[in-house]
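Bear in mind these aren't lab numbers, they're just calculated from the coordinates by the rules spelled out. Just so we're clear, the structure is a prediction, and the values are computed from it rather than from any experiment. Heads up, the Cβs are rebuilt from the backbone with ideal geometry, glycines too, and the neighbour counts pull from every protein chain shown.
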C-alpha cells in the first residue's frame, strides 16, 4: 500500500476515544516514481489538450462570426484560432517526437505509456 502525502488523521473525541480517518488506499497515481505518475497521467493530459483545442476553435469561430465587421474583433478571433492551431501542432509534434525517439532507441515502455 502506498501513502500519498499524510493521509491518516487522528481526531480526539470526548472521553479519550479517538477517530482514525485514512485516505484512499487504492489511489491510482500513488507510486514511488515520478515517471510512473507522469506516464499514467499522459492520456488525461492529451484528452484535456484535445478538449481545450475544440473549445478554442469554437470560441474563435464565434468571435469571427460575431465580429460584425469590426476589424479588432476579427483580428482577435483570427489570433485565437492561430494560437489554437499552433498549440495543437506543439502537442501533436511532441507526441510524435517521443514516439520516434522511443522507436529508434528501442524503448518499449514508451509504447505502454501511450497505450499502443
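Approximating the spin labels as points 7 Å out from Cα along Cα→Cβ, the residue 104-to-residue 73 distance works out to 4.8 nm. Normalised by residue count, the stretch 47-89 yields a Cα convex hull volume of 41 Å³ per residue. Ordering 101-108, 38-45 by mean Cβ neighbour count within 10 Å, with the highest value first, yields 38-45, 101-108.
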